[in-house]
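Accompanying notes for the structure given below.
Every number here is computed from the coordinates shown, using simple stated rules; none is lab data. From a predicted model like this one, the values you see are computed outputs, not experimental measurements. Here the Cβ positions follow ideal geometry from the backbone for every residue, glycine too, while neighbour counts run over all protein chains shown.
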Amino acid sequence: MRKAVSLPMLGGCLIFLALVSIMYQSTSAYLFGKWGQDDFTYSYFIPLVVAYLVWEKREELSCEPACRSWAGLLPALLGILFYWMGELGGEFTIMFISLWFISVGALWSILGWRKLRVIAFPVFLVLTMVPPPAVIYGNLTLQLKLMSSQIGVFMLQVCGLSAYREGNVIDVGFTRLQVVDACSGLRYFFPLIVLAILLAYFFKGAVWKKIIIFLSAIPVSIVTNSMRIASVGILYQFMGPAAAEGFFHDFSGWFIFMISLGILLLEMALLKRIFPERIGNERQDAVREAATESSSPEACRYSGLFRLVSPQFLIILLLMVTSAAAAQGVSNRERTPMQKPFSAFPDAIGSWTARKQNLEKMYLDALELNDYLLADFRNSRGEVVNCYVAFNDYQSKGKASHSPASCMPGSGWELKEPDRISVVDGSGRTITINRAMMVMGNDRRLTYYWFDQRGRILTDLYQIKFFNFVDSVVLNRTDGALIRLITPLAENETTVTADARLKEFFKQFNPALKQFLPNGAKHDSAS
């Protein structure tokens, strides 16, 4: 009897895993690559934790009946929809979510709701191994750096040191400390959040206490990271640069993480002591009685044979086979070339003269551009506008337009006064673009940037992902370009003057650019 059950179970698992490996090959490679980064190394332990949590529930799981459920098709269908959104829109995070929904649907259709409910927590915990999208990750890094810097400066001032902040740079008189990405606290922010989730799960108490434990991990992480930054400022006067690098830098991060964990454990103890549980044994007895009832032969009678070859699961496998086959054709979609290469871009536009530059190979390899334009344009008054256009003949997962809002903060720039404005080019065309002030110390630069996606002008990455999905289906095209203009401001120059300079350049530049980018589809190009 066991052999009759184990063979279809094994066969179903192997088919499901084979389809997952085909559909999510590039996604898995991307995921493991992300896990290798310092901020996400904790993810290697999540599968082990999930396996332990499921194993811990083995007795309760075996006592619940396994009943086939058509309801499992709902998350599976949603997962297939997310799969195509991620595949055509070029977003890895959506691909991870799609795999999670398909897996939940498969478990639901095989085990039924009662068994799935028993392992609901470890199933949801799987999501913590997925890195956030780049735009969220970049913004979170920036905000954590700024908050940690602000609180760190306050702590230094409390300790009697003269300290003030410019963006993510802290001046303590005898030196200037830059709070780079490695000091943002993300390296132990995410692990602490996961630990807080686990601590709240194992905590024996009311739900509101569990919520407090989880939510408190966020301010605890920020404050303790600020303590780390302040300690570097204090010790720098005694240890010099060694206080901010090498062994001490890594050790201080580990030490602060342990302090954060200790604070959460202390918080749990205080919650138990100050707000003791007043629930009697009646509820526990009822739970034990229900568990005993469900473990009776009558309740377990339906955990019968061939659950993995149920019609619900076969439908899910069929959907996966169809999607895997169709995705092979999508991966060979037609690429859309430029009308002319950027090497032929004119050296002069109106009163502006270009000095073209080349990107370093390391950036070209990382960005995977098909063509680009990088040049400093100078007018007769000596004013400069830096122009950067990055073109992809198709966009897919891991190869898409990058937003300056995500990239510039990682280079030390702080984006201030972000806004969207309407500008008019020389042909009378009005478009809406992004505007922001870049600040690093005393260096100020005004930037305009936008995304030309098949003639449609977009202003953020979420729009790009959505219209990549739509145009991939409707037009069989996902080509697109990022256009970024930057002009430096003199010491006493106002933003009004800089805006006028960029708008003057844009009037002459945009019509010329249109002669190089692929022709757009027939739609309204204004965002």
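Give, as a single signed number, the net charge of other residues whose beta carbon lies under 15 Å from the beta carbon of F203, with Lys and Arg counted +1 and Asp and Glu -1. Cβ neighbours under 15 Å give a net charge of +3. Shape analysis of the range 60-158 places it in the oblate category; the axes a ≥ b ≥ c from the Cα gyration tensor give an a/c of at least 1.5, with a/b not above b/c. Taking the square roots of five times each eigenvalue of the Cα gyration tensor of the range 47-110, the equivalent ellipsoid has semi-axes of 27, 17, 4 Å, listed largest first. In terms of surrounding Cβ atoms within a 10 Å radius of their Cβ, I486, I274 rank from fewest to most as I274, I486. Kirkwood hydrodynamic radius computed over the range 434-512 comes to 14.3 Å, based on all pairs of distinct alpha carbons. With Rh defined as the Kirkwood radius, the inverse of the mean 1/r over Cα pairs, the Rg/Rh of the range 312-375 is 1.33.
Rounded is the label for the range 366-437, because the ratio a/c of its alpha-carbon gyration tensor axes (a ≥ b ≥ c) stays below 1.5. For the range 388-527, a simple Cβ point-charge model (Lys and Arg +1, Asp and Glu -1, everything else neutral) yields a dipole of about 400 debye relative to the Cα centre. With R₀ set to 56 Å, the beta-carbon distance separating Q150 from A18 gives a calculated FRET efficiency near 0.65. Of the residues T494, T430, G382, the one whose Cα sits farthest towards the positive end of the charge dipole of the range 342-514 is T430 (charges of +1 on Lys and Arg Cβ, -1 on Asp and Glu Cβ, taken about the Cα centre). The simple spin-label model puts a point 7 Å past each Cα toward its Cβ; for A500 and L215 those points are separated by 5.1 nm. More than 21 angstrom separation, counting every C-alpha pair in the range 341-463; what % is that? Cα-Cα pairs of the range 341-463 separated by over 21 Å account for 49 percent. Within a 10 angstrom radius of the beta carbon, how do K503, K416 rank from fewest other beta carbons to most? With the sparsest Cβ surroundings first, the list reads K416, K503.
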